[in-house]
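This report refers to the structure that appears directly beneath it.
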Number of protein chains: 2
Amino acid sequence: MVEKEKQILAAALQLFVAFGFHGTPTSKIAAQAGVSNGTLFHYFKTKEELIIALYNDTKADMSAYLSAQINGQDRLELRIRKSYIHSLYWALENREKFYYIQQVHFSPHVASIPPEVIAAQTEFHLGLLREGIQAEVLRPLPVELLFTLVSSHVHGLYQYLTASAFTADHRKTVIEESFVLLWDMIRK
Amino acid sequence: MVEKEKQILAAALQLFVAFGFHGTPTSKIAAQAGVSNGTLFHYFKTKEELIIALYNDTKADMSAYLSAQINGQDRLELRIRKSYIHSLYWALENREKFYYIQQVHFSPHVASIPPEVIAAQTEFHLGLLREGIQAEVLRPLPVELLFTLVSSHVHGLYQYLTASAFTADHRKTVIEESFVLLWDMIRK
DNA sequence: ACTTTTGTAGAGTGATTAGTCAATCGAAGC
DNA sequence: GCTTCGATTGACTAATCACTCTACAAAAGT
């Protein structure tokens, strides 16, 4: 049954986010997932392996969502716009997952993730930006700089939107207006 | 002796950043600080208290540095500019401390920090921005939005500058150019 | 049918660790 | 010199937790 594996991952996500890595014993994860202690270790050899598997699973989830939203036929600005806006939508709809990714990044467990795995995940976004520079749509800055400017914009907006309770409508407005600010900053 | 307390905080900073909260036992902190196990618990009743004390100490350090750099007589744009640039300089010169602040933010320990303590620390920056909006120097956006846009810009730049090894000169150029981008985004 | 593999359970274990405590030390005041 | 009291020590404890192991059940394969 792959079912149990998913249950374990779901339970781990909830508990890790709520209580941190140290604060959630494997026994509690197993209990919350409705499986025995031994079963957890049948699917994940160590707690560390579970932490990393959950990270990969979460990242894959986000990537899949983004890919589904963006149409390769659209013109570049629209693709960048969609990539920005839907990153935010995904984050807002999957707050635990979005938080978990950052939680892993600020923990010693990042060291266990092969750099090429992390690189692969940003490749899509870097590609978009590279295309923009080449087409002289975006400022001729280093791609990595553009990339961090855009990602931190996303993180900032996320923080702003989750700090207060806005209506879905107002959220949409803020997100779209914030893209205009971002776009004016990076466009040629 | 206040000396020992400082030694413990310094040791804790190094170890927490290198191995995470769970990964560093209090015994190792005491050893690295050159004091006994009991002494550590004489100064900090619990490990949690040590974590929080280190957080406050670090934040105070940053605030003191920033206050010293900014002259209340300067005109607003210069004060904002200095606040941006020196935040980055401090972060680059105190990477462990800067990292630690974020590490705490993505851990369950944030919950133990009274919200008003966190608020007090952002009050200075919010004040600058409020002044800018009132003087019609900055766009009439919600201050909190402006604030997160600026802070995430700082974080993004920090990440970019630490990911690769640049000369001090080149770093200075990038920081100054990035402020222009930011300023164009937020100014009226 | 029967053998093999795979999944599941949960009690058990060895190691680790936060925090305690009783004993000493040393400086300051008298 | 004596007393007091905070600082300091490090052995100790009680609890926790990651992980193992044995036993059993259920599929899958033949």
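Please treat every number below as a calculation from the coordinates, not as lab data. All figures in this text were calculated on a predicted structure; none of them were measured in a lab. Every residue, glycine as well, gets a Cβ built from its backbone with ideal geometry; the counts of neighbours run over all protein chains shown.
Annotations
- Counting only aspartates and glutamates at least 8 places from B:K28 when in the same chain, those with an alpha carbon closer than 19 Å to its own are B:E3, B:E5, B:E48, B:E49, B:E96.
- Pairwise label distance in nanometres, B:A18 with B:V143, each label 7 Å out on the Cα-Cβ vector: 4.2
- With its label point put 7 Å out from Cα toward Cβ, A:S164 sits 3.8 nm from the same residue's point in the other copies, in order from shortest.
- The modelled label-to-label distance for the pair B:E116/B:Q73, using points 7 Å beyond Cα in the direction of Cβ, is 3.5 nm.
- Neighbour-limited loop hits for GluC sites (Glu not before Pro), the stretch A:88-188 (at most 12 other Cβ within 10 Å; DSSP other than H, G, I, E, B): A:E136
- Fraction of the pair-distance distribution of chain A above 19 Å, Cα-Cα pairs, percent: 64
- All C-alpha to C-alpha distances of the stretch A:6-67, sorted into 10 Å bins beginning at zero, yield P(r) values of 23, 54, 19, 3 percent in whole numbers.
- Remark: label point of B:H42 defined 7 Å out from Cα along the Cα-Cβ vector; separations to the same position in other copies 5.3 nm, ascending.
- Taking A:T173, A:T167 and counting other C-beta atoms within 10 Å, the order from fewest to most: A:T167, A:T173
- Counting only Cβ charges, +1 for Lys and Arg and -1 for Asp and Glu, the dipole size of the protein assembly as shown around its Cα centre is about 120 debye.
- Net charge over other residues, Cβ less than 12 angstrom from the Cβ of B:A10 (K, R count +1; D, E count -1): -2
- Mean Kyte hydropathy of 0.0 or more with a Cα span along the axis of at least 18 Å, helices from DSSP in chain A: A:2-19, A:115-134, A:143-163, A:168-186
- The shape of the protein assembly as shown can be summarised by an equivalent ellipsoid whose semi-axes, obtained from the alpha carbon gyration tensor, come to 34, 30, 19 Å from longest to shortest.
- Remark: relative contact order (the stretch B:55-186) = 29 percent; criterion is Cα-Cα distance under 8 angstrom and separation of 6 or more residues.
- Proximal lysines to A:K45, defined as alpha-carbon separation beneath 16 angstrom and excluding residues fewer than eight positions away on the same chain: A:K4, A:K6
- Dipole magnitude (debye, nearest 20) for chain B, charges at Cβ of Lys, Arg, Asp, Glu: 140
- Long-range HN-HN contacts of A:G20 with modeled amide H, under 5 Å: none
- Label spacing, shortest first and in nm, from A:V143 to its equivalents in the remaining copies (7 angstrom along Cα→Cβ): 4.1
- Distant-in-sequence amide contacts of A:L138, defined by a placed amide H-H separation under 5 Å and a gap of 5 or more residues or a different chain, comprise A:I133, A:K188.
- Pairwise label distance in nanometres, B:D61 with B:S164, each label 7 Å out on the Cα-Cβ vector: 2.9
- Sequence-distant lysines (8 or more away, or on other chains) whose Cα lies within less than 27 Å of A:K172: A:K59, A:K82, A:K97, A:K188, B:K188
- Computed from the C-beta positions of A:A135 and B:S36, the FRET efficiency with R₀ = 41 Å rounds to 0.05.
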